[in-house]
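See below for the structure under consideration.
The values are calculated or read from the model by the stated rules, or taken from the named source; none is laboratory data. The model shown is predicted, which means the values in this text are computed figures rather than measured ones. Please note: Cβ atoms are built from the backbone with ideal geometry, for glycine as well, and neighbour counts cover all protein chains shown.
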């Protein structure tokens, strides 16, 4: 019995020493790679993307779309920064390319994958930023005119052209520094109270998906037709509405929706359809 107890003590002591041993330093985690199912590089790349001249930051008014706060994507609520002044952040950048080329961005502009633009979750639209690739020192100014990326480990989504200029188009992601540039001319871009929506998780207003706002009613009607095709068999329960506001814009909204879960599900369906738009969840 004593011999058995001594053997057990020796085994326990050996396990304790092994658990207390100093582990060697772990290598830095690799960067997450691009998802080939979500996007792809262009089949033909025009020469000279590495030498694209930086856009010149200039004052522009806030875009009529894309500046609603808060907004929700995939069940996550995002609040916009009231101003871009002083913004600086380090993190991982990715790029988006051919799948979204030619589609409408959150600001209403057409996405050109060879232009120097970007998507950001929280900066006012538009904002000019300088992006520096911390792995090779390359930098470029880009115009933020879209929303994204909606991956928790990434801070900015660059156009394919910007990724080529910064030298990370092939690997898909890079560690970067992003710094806002405030033009000298014009008033500061500040989101004032009328831009902000009521809090999504509270209130008694109906839930809607807002897919766009247009000065041209014909454009709104065209989007409604495309949304009707995407919604398909749900058309009996969910309608696509055209609502005229006091600002002369025609808003394209889907709803009303029963709850945030259904709004998020339908939002994802539209976002990953051929339409490629990112409708915002609003409560009014």
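Numbers at a glance
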item	result
Selection from region 46-79 of residues that are closer than 19 Å to residue 126 by Cα and in contact with a helix residue (DSSP H, G or I) (Cβ under 8 Å, 6 or more places away or on another chain)	62, 67, 68, 69
Check on residue 143, touching a residue at least 40 places away in the same chain (Cβ under 8 Å), touching a strand residue (DSSP E or B) at 6+ places or on another chain (Cβ under 7 Å) and part of a strand (DSSP E or B)	yes
Flag for residue 137 being out of contact with any strand residue (DSSP E or B) (no Cβ under 6 Å at 6 or more places or on another chain) and outside any loop (DSSP other than H, G, I, E, B)	no
Filter result for residue 102 (without any contact (Cβ under 8 Å) to a residue 12 or more places away in the chain and within 29 Å of residue 164 (Cβ to Cβ))	yes
Residue check, residue 118 surrounded by fewer than 17 Cβ atoms within 10 Å (Cβ to Cβ), in contact with a strand residue (DSSP E or B) (Cβ under 6 Å, 6 or more places away or on another chain) and at pLDDT 95 or above	no
Lone qualifier among 131, 144, 73 - being farther than 27 Å from residue 210 by Cα and surrounded by 15 or more Cβ atoms within 10 Å (Cβ to Cβ)	131
Extreme residue, surrounded by the most Cβ atoms within 10 Å (Cβ to Cβ), among residues of region 246-261 that are farther than 18 Å from residue 106 by Cβ and modelled with pLDDT under 80	260
Tally, over region 95-110, of residues that are touching a strand residue (DSSP E or B) at 6+ places or on another chain (Cβ under 7 Å) and buried (at least 17 other Cβ atoms within 10 Å of the Cβ)	7
Filter pass, residue 32 being at pLDDT below 50, within 28 Å of residue 164 (Cβ to Cβ) and either surrounded by 13 or more Cβ atoms within 10 Å (Cβ to Cβ) or assigned by TED's automatic domain parsing to the domain that holds residue 210 (or both)	yes
Flag for residue 159 being touching a strand residue (DSSP E or B) at 6+ places or on another chain (Cβ under 7 Å) and under 19 Å from residue 52 (Cβ atoms)	yes
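Rundown of residues vs (1) over 30 Å from residue 171 (Cβ atoms); (2) outside the structural domain of residue 157 (by TED's automatic domain parsing); (3) at pLDDT 60 or above, yes/no style:
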{"residue": "8", "(1), (2), (3)": "yes, yes, no"}
{"residue": "36", "(1), (2), (3)": "no, yes, no"}
{"residue": "74", "(1), (2), (3)": "no, no, yes"}
{"residue": "84", "(1), (2), (3)": "no, no, yes"}
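Let's see how each residue does on (1) within 30 Å of residue 135 (Cα to Cα); (2) modelled with pLDDT of 85 or more; (3) within 25 Å of the chain's Cα centre (by Cα); (4) crowded, with 16+ Cβ neighbours inside 10 Å:
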| position | (1), (2), (3), (4) |
| --- | --- |
| 177 | yes, yes, yes, yes |
| 190 | no, no, yes, no |
| 202 | no, no, yes, no |
| 275 | no, no, yes, yes |
